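Asker: Submitted below is the structure of interest, expressed as structure tokens.
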Amino acid sequence: PRYPRHRINWSGFVTPAIRNLVIACTAVFLVQTLCELFAPAYATFIVREFGLVPLLVTRGLRVWQPVTYIFLHAGILHLLFNMLFLWMFGVDLERTWGARRFYAYFFLTGIGAGLINVLVKTLVDPQGIGTSRIPTIGASGAIYGVLLAAAIVFPDRKVWLIPFPVSIPMKIYVIIAAAIEFFFTLGTGGDNVSHVTHLGGMLIGYLYL
């Protein structure tokens, strides 16, 4: 006997813009990984040329970096968590807004977060001898913007705090996340995470919405 074939409806699981962003970030990370394995010098070159280096941006030497830094990631966990959060909180936003507006919002918050990063680090290190030379990579600024948008569009949606059996409203979850990022920004910054970029993404998203 012949049985009907069942196909998974991926369109209901992931939306087009989210899918394309995940594929792009994953493909770039694959290139980074291959370079690290077989040509470490090229891996360093990629981060230096396409990561966000405030000193190079302010001097007009790498004006593309506020866009390209979004697609680079520092490790597999960095990539996985960013893509997971993008999917978890971005899919329903894209369904509500449509792909075109979601793309616009994602890149607006990502680029805006990068420019705020450049501004803050330039003010802190105007001579370009410290933090202004350190590259920032990752889509986290844009993803924090997506979190902020989810809290505004779906404020009462429940978020499960894995691994604890507790759920809280989306708006409370994002307020807590913003508070944590703010207090980390006041600290020494020794965890190698650009909390200023995270807050910048949320600020740009809030102003836009």
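The values are calculated or read from the model by the stated rules, or taken from the named source; none is laboratory data. Predicted model only: the values in this text are computed from it and were never measured. Cβ sites come from the backbone with ideal geometry, for glycine too, and all protein chains shown count toward neighbours. Surface accessibility is based on the protein's heavy atoms, side chains included, excluding ligands, DNA and RNA. Shrake-Rupley method; radii C 1.70, N 1.55, O 1.52, S 1.80 Å.
Asker: For ARG95, indicate whether it is touching a residue at least 24 places away in the same chain (Cβ under 8 Å), assigned to a helix (DSSP H, G or I) and farther than 27 Å from LEU209 by Cα. Give the steps one after another, and end with the answer.
Answerer: Working: touching a residue at least 24 places away in the same chain (Cβ under 8 Å): yes; assigned to a helix (DSSP H, G or I): yes; farther than 27 Å from LEU209 by Cα: no.
It is false that ARG95 is touching a residue at least 24 places away in the same chain (Cβ under 8 Å), assigned to a helix (DSSP H, G or I) and farther than 27 Å from LEU209 by Cα.
Asker: Search segment 159-179 for residues being β-branched (Val, Ile, Thr) and within 27 Å of ALA104 (Cα to Cα), and hand back the single one that is modelled with the lowest pLDDT. Walk me through how you get there before you give the answer.
Answerer: Of segment 159-179, the ones β-branched (Val, Ile, Thr) are 159, 162, 166, 168, 172, 174-176.
Next, only the ones that are within 27 Å of ALA104 (Cα to Cα) stay: 159, 172, 174-176.
Details: VAL159: 87, ILE172: 93, VAL174: 92, ILE175: 92, ILE176: 90.
That would be VAL159.
Asker: Which number in (1) part of a helix (DSSP H, G or I); (2) open to solvent by 20 Å² or more (accessible area, probe 1.4 Å) marks the one condition that LEU79 misses?
Answerer: Failing condition for LEU79: (2).
Asker: For segment 128-146, check the following and say yes or no: at least one residue is basic (Lys, Arg) and either touching a Cys at 6+ places or on another chain (Cβ under 6 Å) or closer than 21 Å to ARG59 by Cα (or both).
Answerer: Within segment 128-146, the first condition is being basic (Lys, Arg), and the residues that meet it are 133.
Adding the requirement that they be either touching a Cys at 6+ places or on another chain (Cβ under 6 Å) or closer than 21 Å to ARG59 by Cα (or both) leaves 133.
Yes, the conditions are met somewhere in segment 128-146.
Asker: Here's a follow-up. List every residue pair whose Cβ atoms sit under 7 Å apart, with the two residues 6 or more apart in sequence or on different chains, where the first one lies in segment 128-141 and is within 14 Å of HIS73 (Cα to Cα) and open to solvent by 10 Å² or more (accessible area, probe 1.4 Å) and the second, anywhere, is in a loop (DSSP other than H, G, I, E, B) and among the polar types (S, T, N, Q).
Answerer: What qualifies is THR136/SER194.
Asker: Please name all residue pairs, on different chains or six or more residues apart, with Cβ atoms under 8 Å, provided the first residue is in segment 68-86 and is farther than 14 Å from VAL31 by Cβ and the second residue is of a type outside the set (A, V, I, L, M, F, W, C) and outside any loop (DSSP other than H, G, I, E, B).
Answerer: As it stands, the answer is TYR69/GLY114; TYR69/THR136; ILE70/GLY110; ILE70/GLY114; ILE70/GLY141; ASN82/SER140; MET83/THR26, since those pairs meet every condition given.
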